[in-house]
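Working notes for the structure below.
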Amino acid sequence: MIGDTNPALGPEEKDMAYSSLAGKVILITGGTSGLGAASAMALAQQTPSPARIYISGRRASAAARVAEQIRTATSASTEVVFLPCDLTDLSSVALAAKTLLANEERLDVVMANAGIAAVPAAQSKDGYEVQFATNHLGHALLVRKLLPLLERTGVETGTPSRVVWVTSFAFRGAMRGVPLVRAIHAKSGPAEPPAGYLSSWWCPAVVGRWMRYAESKLANVVYARELATRFPGVTSVSVCPGFVETDMVARMGFCDRVGTRLLAILVPGGEGMVTPEKGARNQVWAATVAPHRLTTGALYETAGVATGLRGYATDERLGTELWQWTERELDVWLRPKS
């Protein structure tokens, strides 16, 4: 249940928010539960509120509940629209983008929020390691498909549209000394693994699934930076929500769940586990703050404070490799149909 208050923006963030979201169109992936649903509620509660909020996911029934909760809790006229999208299936992602493009003349914000964490080793429908497919590749295809509309909206409104990539503190745990792209494939995939490929499938079950998650979240940070460099007409940032009590955490096994909650207390600056409403603060801030307060390509672990990138996240060669690999894998989906 989404809360009927809006703690997603604190007093300081509200001082920096746009004076108006009127007429804006926003897409939130994974908007049918958790952080995505809390973000949709917080955005709908802004005054004025956006014209439309698309919430993507796999279950229409969950989207209907979120839409009803927003209607009940707000007096806003914001239309909440369900956009079916399975990020583990690139054909579903392409169809979702096509559907939105057929119905919209503008798109102001894409919040790449959906994700999975620490799941057992598996492949996506297209043959990729499932966490990398969901957290990175599916989102990359969606954003690339929507980029022309994002760019056009920025030109027509005079304010760059933005893409907010929801990453995790876990990105810091990605292994050093091997390429990020080691996590791109499971044991097989549509393309040959790169030279020096080292699959984390060999790791013990618990370590392996968390390493694959860390690598997918590092990809969010690196790709956000690359998108900002290559498409300066769109603002692209990554944000961390902290440790959030969502259904994703609730579905974890006992050891993973206990470990997550313990880490939430021990990590420097950690607040412990927080509600989705509080966890959504950073991504809602990034979606609404005045343009001059947001640095494209930056990572925000705290609302309003750009975090200095370090380690793998600053590796320009890694960014180039990830971008080029992603473009090659998505080429068949991005190529104009004859």
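The values are calculated or read from the model by the stated rules, or taken from the named source; none is laboratory data. Here the structure is a predicted model, which is why all the values come from computation and not from measurement. We place every Cβ from the backbone using ideal geometry, glycine too, and count neighbours over all the protein chains shown. For the accessible areas, the whole protein counts, side chains as well, though only heavy atoms, and no ligand, DNA or RNA atoms are used. Shrake-Rupley method; radii C 1.70, N 1.55, O 1.52, S 1.80 Å.
Summed over the stretch 14-35, residues that are under 20 Å from Ala303 (Cβ atoms), outside any loop (DSSP other than H, G, I, E, B) and at pLDDT 95 or above total 2.
Residue by residue through the stretch 295-338, note down the ones that are charged (D, E, K, R) and within 17 Å of the chain's Cα centre (by Cα).
Answer for the stretch 295-338, where residues must be charged (D, E, K, R) and within 17 Å of the chain's Cα centre (by Cα): just Glu301.
On the stretch given as the stretch 311-326, residues that are within 11 Å of Tyr223 (Cβ to Cβ) and free of Cβ contacts under 8 Å to residues at least 40 places away in the same chain total 0. Reported count of residues in the stretch 105-129, each being open to solvent by 20 Å² or more (accessible area, probe 1.4 Å), in contact with a Lys or Arg (Cβ under 9 Å, 6 or more places away or on another chain) and not polar (S, T, N, Q), is 6. Whenever a residue of the stretch 153-171 is closer than 13 Å to Thr296 by Cβ, its partners that are open to solvent by 20 Å² or more (accessible area, probe 1.4 Å) and of a type outside the set (Gly, Ala, Ser), lying with C-beta atoms within less than 7 angstrom and at least six residues away or across chains, give the pairs Gly154/Pro160; Thr159/Pro291; Pro160/Thr235; Pro160/Pro291; Arg162/Thr235. In the stretch 75-91, of all residues being among the hydroxyl-bearing types (Ser, Thr, Tyr) and crowded, with 19+ Cβ neighbours inside 10 Å, the one that is modelled with the lowest pLDDT corresponds to Thr78. Could you list, in sequence order, all residues of the stretch 45-74 that are hydroxyl-bearing (Ser, Thr, Tyr), open to solvent by 60 Å² or more (accessible area, probe 1.4 Å) and assigned to a loop (DSSP other than H, G, I, E, B)? Scanning the stretch 45-74 gives a single hit, Thr47.
Summed over the stretch 328-338, the residues that are surrounded by fewer than 18 Cβ atoms within 10 Å (Cβ to Cβ) and touching a residue at least 40 places away in the same chain (Cβ under 8 Å) give a count of 3. With respect to Tyr300, is the statement that it is within 17 Å of Val163 (Cα to Cα) and either part of a helix (DSSP H, G or I) or not polar (S, T, N, Q) (or both) true? When the stated conditions are applied, Tyr300 passes them. Looking only at the stretch 105-124, which residues are more than 21 Å from Ala286 (Cβ to Cβ) and either without any contact (Cβ under 8 Å) to a residue 60 or more places away in the chain or in contact with a strand residue (DSSP E or B) (Cβ under 9 Å, 6 or more places away or on another chain) (or both)? Matches in the stretch 105-124: Glu105, Ala121, Ala122, Gln123, Ser124. Within the stretch 95-150, the set of residues being aliphatic (A, V, I, L, M), over 17 Å from the mean Cα position of the chain (by Cα) and modelled with pLDDT of 95 or more comprises Leu95, Leu100, Leu101, Ala102, Leu149.
Let's see how each residue does on (1) assigned to a helix (DSSP H, G or I); (2) open to solvent by 20 Å² or more (accessible area, probe 1.4 Å); (3) modelled with pLDDT of 95 or more; (4) closer than 24 Å to Glu129 by Cβ:
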site: Trp210; (1), (2), (3), (4): yes, yes, no, yes
site: Glu215; (1), (2), (3), (4): yes, no, no, yes
site: Val237; (1), (2), (3), (4): no, no, yes, no
site: Met248; (1), (2), (3), (4): yes, yes, no, yes
site: Val258; (1), (2), (3), (4): yes, yes, no, no
